[in-house]
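Take a look at the structure set out below.
Derivation of every value follows stated rules applied to the coordinates shown; laboratory data play no part. Keep in mind that this is a model prediction, so the values were computed, not measured. Glycine also receives a Cβ, built like all others from the backbone with ideal geometry; neighbour counts cover every protein chain displayed.
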Amino acid sequence: MSVYNLLLAESKLVGLPTSFCTDLTVHDQRCLLQRDAPQRFGWALRQTGTLLIDPRMSTTNLEGHLSHFDFEPHRLYLIDGVSLTLVSLEEFRSTLRTWHLEVDKFSGPR
């Protein structure tokens, strides 16, 4: 099963999002179909859409995205290229920051 199909199946299972469904069906799918699609990433599922967080983004962008989760209930997942794992907000933030630092180690400063 493709990673996108994992996201789609989870969305259908939990009945989210209830609006802005094209976040998943257009934007997330488009991101995952790119040649350089992330293998590991965070994914937020909420009533008002989804958010795919690629840990390869700049530190400023990553921290900006991670600060959004204090305002609206989310189901937060970590995807490792094979599986989808529901995690707490603390684990979500910590793991994405760790993955980001691992990327930075090899690519240099942003």
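Against the globular-protein guess of 2.2 N^0.38 Å, express the Cα radius of gyration of the chain as a ratio, rounded to two decimals.
Working: Rg = 13.3 Å, N = 110, 2.2 N^0.38 = 13.1 Å.
That ratio works out to 1.02.
Angle between the Cα long axis of helix 89-107 and the longest principal axis of the chain, 0 to 90 degrees, nearest 10?
The helix 89-107 is inclined about 40 degrees to the chain.
Only sites in a loop by DSSP and with at most 12 other Cβ atoms within 10 Å count here; which chymotrypsin sites (Phe, Trp or Tyr not before Pro) in segment 3-110 make the cut?
Of the chymotrypsin sites (Phe, Trp or Tyr not before Pro), the ones in loops of segment 3-110 whose Cβ has at most 12 other Cβ atoms within 10 Å are Phe71.
How would you rank 6-19, 51-64, highest first, on the average number of other Cβ atoms within 10 Å across their residues?
51-64, 6-19
Give, as a single signed number, the net charge of other residues whose beta carbon lies under 13 Å from the beta carbon of Ser83, with Lys and Arg counted +1 and Asp and Glu -1.
Counting the neighbours of Ser83, the net charge comes to -1.
With r defined as the distance between the Cβ atoms of Asp80 and Ser19 and R0 fixed at 25 Å, what FRET efficiency is calculated, to the nearest 0.05?
0.30
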